[in-house]
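The values are calculated or read from the model by the stated rules, or taken from the named source; none is laboratory data. Given the structure is predicted, the values throughout are model-derived calculations rather than measurements. For neighbour counting, all protein chains shown are included, and Cβ atoms are generated from backbone atoms with ideal geometry for every residue, glycine included. With ligands, DNA and RNA removed, areas are computed over all heavy atoms of the protein, side chains included. Shrake-Rupley method; radii C 1.70, N 1.55, O 1.52, S 1.80 Å.
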Amino acid sequence: MTCEEFLALWDRGDRSPEVAAHVASCPGCRALLAIDGRVRDWQPALPASSEAEFLAKLRSKIESRPAPRLRGPRPVASGPAHWLRFAAAAVLLAAMGAAFLLGRASRAPETKEAAPVAGLGDAPKKDVEPPPDPDGSSPDPEVPPDPVPDKPKSDFRDRLMAAASGAGREAFLAQVKRGVDRARWFAAFRSPDAKERGAAVTIASIVKDAAMAPQLAVAAAKGDENAITVLGELGGIESVVVLASLAGMPGKREAVVEALAATGRPEAGDALAAIGAWKSEAAWRRLGQAGGPAIVARLRLGGDAALAAVDAASWSRSARAVPELAKLLGKAGTREPAAKALAAIGGKQAFAALAEAADEDDEVILAALKTMSGRDAVEDRLLDVRLKSPDRVRAARVLMKMGGQESVPALIRALESPDLRDVASEALGALRDESAVPALVGLLSERRHRPSAAAALGRIGSPTAVAALTAASRERSFYEEATRAIAAIAAPESVPHLIAALGERSVAPAAIAALEKIRDARAVLPLIGALGTENAAAAHRALMVITGEKLPGRQGDWVKWWKAKHKDGKNSLVTCY
Amino acid sequence: MTNPLPPPSDFPDELLAGRAQGGDRTAFETLVLRYLGPARAFCTKLLRDQVLAEDACQDGFLKAWRGLPGFRGEAKFRTWLWRILVNAANDLRKPKPEAIGEREFEAVPERDVVAEDAVARGVAELPDRQREVLLMRAELGLDLEEIAAALGITYDAAKANLSLARKKLRELLT
């Protein structure tokens with residue numbers, strides 16, 4: 001490669017290995033290219049105004065004389081009155097698209113669209129030497145010379161129809177790719193004959209070149225629904241532009257929406273938004289993550305506009321929409337749909353957003369949380385020691401509200417953090433899982449946290465905790481909490497403790513209720529004694545449950561009954577109570 | 001439909017231009033912000049005057065807005081825009097004949113505004129066309145085909161001017 005060849009390639013943007021090899025081995029070329037670098041690195045003082053100031057000045061100039069419009073505002077609504085305008089726009093776009101494609105060749109190395117079939121989208125550029133064309137055919141897609149003018153048109157029509165149905169298709173495609181018959185093929189898209197148009201569209205669906213969008217637009221504007229479908233299959237940005245302009249045609253909106261979704265492009269989301277297709281569930285589902293940017297833009301607008309996009313966010317499961325949906329959780333009007341959308345999107349980020357917003361007794365958020373499978377996220381939050389205490393406490397409350405035994409191990413681990421012990425105890429109590437008992441019993445030795453641990457043990461109701469609670473109750477300051485927990489457990493082994501508690505005004509009602517539940521005969525005489533106290537009604541009911549007797553609530557009647565039952569007189573109220 | 005959607009910043013130029021043609025100012029401003037930085041750097045290096053450069057950018061973007069109906073997508077949007085900006089800058093560099101009498105003193109770029117380092121002096125000594133081509137290649141990163149299209153010259157002319165500019169500047173800098 002000579003230096004001149006190298007520079008020609010380099011300045012065309014070629015960075016192939018051969019070009020790189022030359023620059024690496026040629027000091028002369030390197031020195032020449034270094035000039036570019038020095039020019040680029042030269043940093044003169046730039047204009048000092050900010051971008052905002054520049055725009056403000058520009059706006060004032062623009063507003064002093066509004067620009068004439070090439071075409072009206074983008075299509076935003078469908079309806080019979082609009083369709084002709086859209087059809088006109090489609091034809092205009094077809095012309096524009098063809099012109100647009102003239103420039104495609106020069107940016108082909110950058111474009112992300114599928115590479116055009118050789119000879120279809122290429123165009124000679126003014127002042128630029130076109131690459132040698134082996135066939136000598138002009139690649140201009142708009143007015144290509146037809147190299148076989150002697151063949152009658154009907155012959156072409158026959159071959160087109162045959163190729164569309166499969167006969168001689170390979171030969172036809174080869175001809176078209178080489179530029180032969182291309183003008184006639186393009187003309188067929190405009191044909192008044194629906195069958196001929198259909199055949200042209202069928203060939204386009206086989207070639208699948210984004211450069212065909214303008215031709216397909218013409219066929220679609222004439223009513224070929226298949227052309228709309230093929231535009232969706234092409235998937236190029238040209239298709240999106242053309243499809244957006246076709247949305248106003250009567251009876252074609254559904255096909256257009258479907259085709260836009262099929263392109264899978266982010267711009268298609270914008271187009272769906274522009275034509276107001278927010279309720280098209282299937283389209284948003286199909287567009288998926290590609291719909292994210294358009295949805296996010298709409299969610300940012302807030303109000304009714306955002307509400308329309310929430311469902312689309314849910315259908316497309318767009319992870320991009322999560323931060324915006326999280327903001328909508330804070331507003332009463334959008335809280336519920338946003339929560340449902342986040343639940344549908346799923347993932348740790350969505351789960352964290354819901355957990356963050358969850359207050360106690362917030363059924364909307366909790367219902368959404370329960371439908372998700374991201375429980376891990378909130379457990380991580382609970383156990384993340386880097387987070388501030390209120391965040392972790394909130395996470396524990398969310399787990400408690402969600403229910404389910406899966407979170408018990410995380411909550412037991414949370415008991416290790418002093419600031420979480422009370423809330424984790426409460427949560428474990430609410431979840432009523434016996435595996436938490438040993439950890440909670442361990443907390444009974446901690447003066448500060450034992451009331452919540454005792455309450456949790458009481459709710460869990462495991463008899464294995466009774467001995468520890470009874471032992472802890474010997475400390476006077478903890479007696480009441482421990483006894484309430486023992487009463488809540490209502491285990492037979494706690495009967496002596498409960499009988500003793502009948503003499504303690506603050507816990508006597510709980511003790512009576514527990515004794516009624518346990519139905520132990522040892523409690524009868526103490527309960528007869530309790531008939532003389534302020535808890536007579538509860539004691540009377542407990543006595544009837546335990547003994548099966550239907551005596552009135554007077555203590556004397558129950559004493560007589562007792563004496564009749566125990567004629568030997570060994571037991572007495574005095575000795576017992 | 002309620003509010004128009006703000007255009008995503010990663011929208012292709014041609015789609016934004018299409019929106020702007022429909023009267024969407026936000027889309028046009030997105031394009032302005034996308035190209036303002038390079039445009040300022042390019043015009044400042046071309047004109048070697050911050051004030052003139054700012055005026056050139058204002059004039060160029062205003063002409064682009066008003067000329068949008070004429071953008072037919074035959075070239076890339078950025079090529080079309082650079083052509084307008086280069087013309088706007090040249091309009092400021094070359095006073096119109098009828099205004100020469102009034103502007104002959106103020107039209108001369110004030111050289112002390114831009115730091116007079118060797119590269120600046122070297123670029124200033126290049127003929128106009130060579131300076132434009134070199135700056136479009138080095139500063140804007142356009143390839144020769146885009147430069148030719150933007151300046152309305154042939155590919156070979158662009159190539160020759162670039163080659164001459166590089167060689168001359170290399171001599172001046174060594």
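Things worth noting here:
- Carbon/sulfur fraction of accessible area - the stretch A:494-577, other protein chains in place, 1.4 Å, %: 54
- Kirkwood hydrodynamic radius (C-alpha pairs) into Stokes-Einstein, the stretch B:115-174, 37 °C and 0.692 mPa s, D in µm²/s: 286
- Take the stretch A:155-289 with all the other protein chains still there, run a 1.4 Å probe, and you get 33 Å² of accessible area per residue.
- Counting Cβ atoms of other protein chains within 10 Å of each Cβ in B:143-150 and taking the mean gives 5.
- In the stretch B:52-76, the residues whose accessible area drops by at least 20 square angstrom when the other protein chains are added to the isolated chain are B:54, B:58, B:62, B:65, B:66, B:69, B:72, B:73, B:74, B:76; the probe is 1.4 Å and only protein heavy atoms count.
- The portion of the accessible surface of the stretch B:115-174 made up by carbon and sulfur, rounded to a whole percent, is 49 (1.4 Å probe; DNA, RNA and ligands excluded).
- Chains B and A together bury roughly 6400 Å² of accessible area, counting both sides, with a 1.4 Å probe on protein heavy atoms only.
- In terms of distances greater than 30 angstrom between alpha carbons, the cross-link table entries A:195/A:252; A:61/A:252; A:222/A:279; A:61/B:167; A:279/B:63 yield A:61/A:252; A:61/B:167; A:279/B:63.
- Overall Cα dimensions of the stretch A:257-306, principal axis frame, Å, largest first: 29, 17, 15
- Average Cα contact separation per residue, the stretch A:494-577, under 8 Å, 6 or more apart, as relative contact order %: 26
- Debye log10 I(q)/I(0) at q = 0.15, 0.16, 0.17, 0.19 Å⁻¹ for the stretch A:431-577, Cα point scatterers: -0.73, -0.80, -0.87, -1.01
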